[in-house]
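Below is one structure, written out as structure tokens, with a few remarks after it.
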Amino acid sequence: MADDSLRPSTIAVTTGRPPHDVDQPLNTPITMASTYVAGGEREYGRYGNPTWQAFEEVLGKLEGGRALSFSSGLAAVSVVLDLVGQGALVLAPDAAYQGSLSQIADLEMRGRLRSKLVDIADTDAVVAACDEDVALVWVESPTNPNLDVADIERICTAAHEAGAYVVVDNTFATPLLQRPLDLGADLVVHSATKYLAGHSDALLGALVTRDDQLFTVLKQRRDLLGAVPGTLEAWLAVRGMRTLHLRVERAQANAAELARRLGEHPAVQLVRYPGFGAIVSVELAAGALAADLLPRKTRLWVHATSLGGVESTLERRRRWKSEPTTVSDALVRLSVGVEDVEDLWEDLSRALDGLTD
Ligand SMILES: *Cc1c(COP(=O)(O)O)cnc(C)c1O
């Protein structure tokens, strides 16, 4: 069967494996190597590794482009921002992952670039802001943690007319629910730490593009800056991606059901759920104090930052000083895992009941 005709679940299971030859292992081994015998493509451990390559092959095929792995999501973010010309303008969401926004703010403070923040869900406002001054449009969709959804296709059209590049942080949706390159994006960024690796045991990032010239430049930046992944982390991510479709399907079904039930709970003022994916944010009627208390009252749900693991976690986002104030003080972000939804609801609803008692 031609490889190009494979569907996402099959790609997740089969891509990035050794050939089906006698005595070959089924899985790409963990190759621990800081250097290689001279004369080939790799030469040195910072330039490439067969285990990274397995991860890059499976992610690249799922996103429909060529992938490069990095030591973390934020390392991948910094490589993209590093490409922006001196003093150029970056259009970015006014509420999104605080690490990406902090990098942009930090670069602006040091005079490296300028930024303009917009409500990424207000497509007309984003399109109006896409003038020829803009060099890069930073999109995150759905956003962390407000779960705003951007019209990626319209934003890409407007940005390209203005001569700007578009990068989409696809961490929340995963390539199974959204393929930004198909919608016109130039680049996809991932925190593979989250759903791709999926088990809260590895830090890893990635960039994906179908532009060969851009790929070459990004590879050069990775070689030069040295933000390369660990071999074990890449292997864990490949291992995780073998079940990505199963985890996303189950977590999403759980999330949709919990979002519905949360909407009917008196302690909850607002449910933020875009209708897909497995992150649900709630704003509590009793405010910030209740939002601080809720994660301490659950037993099954773990009070922890990060998201996208098999286990359900929650936290009040504004407990972080770096969180933008465009995020409600009373917002708790829930990362819904793959446990039994009834157990999750019993634990969560009991904790919510405890807030109003
Ligand atoms: C966590 C996260 C990042 C940063 O990734 P790390 O792997 O933690 O460096 C970037 N974008 C989004 C949307 C995230 O949730």
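What is the one condition in (1) crowded, with 18+ Cβ neighbours inside 10 Å; (2) farther than 25 Å from R210 by Cα that S141 does not satisfy?
The failed condition is (2).
Quick check on my filter: what residues within the range 174-206 are in a loop (DSSP other than H, G, I, E, B), crowded, with 24+ Cβ neighbours inside 10 Å and within 14 Å of the ligand (Cβ to nearest atom)?
P180, A192, T193, Y195, L196, A197, G198, L204
Condition first: surrounded by fewer than 20 Cβ atoms within 10 Å (Cβ to Cβ), part of a loop (DSSP other than H, G, I, E, B) and not hydrophobic (A, V, I, L, M, F, W, C). Now tell me which residues in the range 275-297 satisfy that.
Matches in the range 275-297: G275, G287.
Listed here are the residues, each with its yes/no results for (1) away from the ligand (no atom under 16 Å from the Cβ); (2) within 30 Å of L246 (Cα to Cα); (3) among the polar types (S, T, N, Q).
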position	(1), (2), (3)
L289	yes, no, no
L293	yes, no, no
L314	no, yes, no
W320	no, no, no
P324	no, no, no
V341	yes, yes, no
D353	yes, no, no
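Can you run down the residue pairs with Cβ atoms below 8 Å, 6 or more apart or on separate chains, where the first is in the range 299-325 and more than 13 Å from Q98 (Cβ to Cβ) and the partner is within 13 Å of the ligand (Cβ to nearest atom) and of a type in the set (D, E)?
Going by the 8 Å Cβ cut-off, the qualifying pairs are H303/E315; A304/E315.
Which one of these does A75 not meet: (1) in a helix (DSSP H, G or I); (2) small (G, A, S); (3) surrounded by fewer than 19 Cβ atoms within 10 Å (Cβ to Cβ)?
(3)
Which one is farthest from the ligand (Cβ to nearest atom), of the residues in the range 162-173 that are of a type in the set (A, V, I, L, M) and assigned to a loop (DSSP other than H, G, I, E, B)?
Here is the first cut: in the range 162-173, the ones of a type in the set (A, V, I, L, M) are 162, 164, 166-168, 173.
Subsequent filtering for residues that are assigned to a loop (DSSP other than H, G, I, E, B) retains 162, 164, 173.
Working: A162: 24, A164: 20, A173: 10 Å.
Looking at residues that are of a type in the set (A, V, I, L, M) and assigned to a loop (DSSP other than H, G, I, E, B), I get A162.
Restricting to the range 109-125, what's the tally of residues that are within 23 Å of T143 (Cα to Cα) and either crowded, with 18+ Cβ neighbours inside 10 Å or touching a residue at least 24 places away in the same chain (Cβ under 8 Å) (or both)?
Step one: filter the range 109-125 for residues within 23 Å of T143 (Cα to Cα), giving 113-125.
Of the ones still in play, those that are also either crowded, with 18+ Cβ neighbours inside 10 Å or touching a residue at least 24 places away in the same chain (Cβ under 8 Å) (or both) are 113-121, 123.
So the count comes out to 10.
Of the residues V310, V248, V238, V271, only one is hydrophobic (A, V, I, L, M, F, W, C) and either part of a strand (DSSP E or B) or touching a strand residue (DSSP E or B) at 6+ places or on another chain (Cβ under 7 Å) (or both); which?
Numbers: V310 fails: either part of a strand (DSSP E or B) or touching a strand residue (DSSP E or B) at 6+ places or on another chain (Cβ under 7 Å) (or both); V248 fails: either part of a strand (DSSP E or B) or touching a strand residue (DSSP E or B) at 6+ places or on another chain (Cβ under 7 Å) (or both); V238 fails: either part of a strand (DSSP E or B) or touching a strand residue (DSSP E or B) at 6+ places or on another chain (Cβ under 7 Å) (or both).
Unique residue meeting the criteria: V271.
If you check L147, L113, which single one turns out to be hydrophobic (A, V, I, L, M, F, W, C), modelled with pLDDT of 95 or more and within 16 Å of the ligand (Cβ to nearest atom)? Break it down stepwise before answering.
Values: L113 fails: within 16 Å of the ligand (Cβ to nearest atom).
Of the residues listed, the single one that is hydrophobic (A, V, I, L, M, F, W, C), modelled with pLDDT of 95 or more and within 16 Å of the ligand (Cβ to nearest atom) is L147.
Looking only at the range 80-98, how many residues end up being within 12 Å of the ligand (Cβ to nearest atom) and not in a strand (DSSP E or B)? So that I can check it myself, show each step before the final result.
Residues of the range 80-98 within 12 Å of the ligand (Cβ to nearest atom): 80, 93, 95-98.
This time we only want the ones that are not in a strand (DSSP E or B), so: 80, 95-98.
Within the range 80-98, residues that are within 12 Å of the ligand (Cβ to nearest atom) and not in a strand (DSSP E or B) number 5.
Output the number of residues of the range 211-229 satisfying the condition of being surrounded by 18 or more Cβ atoms within 10 Å (Cβ to Cβ) and assigned to a loop (DSSP other than H, G, I, E, B).
Of the residues in that region, 3 qualify.
In this structure, does L91 turn out to be closer than 17 Å to V166 by Cα, in contact with a helix residue (DSSP H, G or I) (Cβ under 7 Å, 6 or more places away or on another chain) and surrounded by 19 or more Cβ atoms within 10 Å (Cβ to Cβ)?
Working: closer than 17 Å to V166 by Cα: yes; in contact with a helix residue (DSSP H, G or I) (Cβ under 7 Å, 6 or more places away or on another chain): yes; surrounded by 19 or more Cβ atoms within 10 Å (Cβ to Cβ): yes.
When the stated conditions are applied, L91 passes them.
Based on this model, can you work out whether T326 counts as closer than 21 Å to D148 by Cα and surrounded by fewer than 17 Cβ atoms within 10 Å (Cβ to Cβ)?
In short, yes.
Report, by residue number, each residue of the range 195-225 that is of a type in the set (G, A, S), in contact (Cβ under 8 Å) with a residue 40 or more places away in the chain and out of contact with any Ser or Thr (no Cβ under 6 Å at 6 or more places or on another chain). It would help to see each step written out before you state the result.
Let us first name the residues in the range 195-225 that are of a type in the set (G, A, S), namely 197-198, 200, 202, 205-206.
From the residues that got through so far, the ones that are in contact (Cβ under 8 Å) with a residue 40 or more places away in the chain too are 197-198, 200, 205-206.
Passing the criteria: A197, G198, S200.
Among the residues of the range 58-70, is there at least one that is more than 16 Å from the ligand (Cβ to nearest atom), surrounded by fewer than 16 Cβ atoms within 10 Å (Cβ to Cβ), modelled with pLDDT of 95 or more and not in a helix (DSSP H, G or I)? Talk me through it step by step, then tell me what you get.
From the range 58-70, those more than 16 Å from the ligand (Cβ to nearest atom) are 58, 60-62, 64-66; that's our starting set.
Subsequent filtering for residues that are surrounded by fewer than 16 Cβ atoms within 10 Å (Cβ to Cβ) retains 64.
In the following step, the residues that additionally are modelled with pLDDT of 95 or more were identified as 64.
Narrowing further to those that are not in a helix (DSSP H, G or I): 64.
Within the range 58-70, one or more residues are more than 16 Å from the ligand (Cβ to nearest atom), surrounded by fewer than 16 Cβ atoms within 10 Å (Cβ to Cβ), modelled with pLDDT of 95 or more and not in a helix (DSSP H, G or I).
The values are calculated or read from the model by the stated rules, or taken from the named source; none is laboratory data. Please read these numbers as outputs of a predicted model, since none were measured by experiment. Cβ: placed from backbone, ideal geometry, glycine included. Neighbour counts: every protein chain shown.
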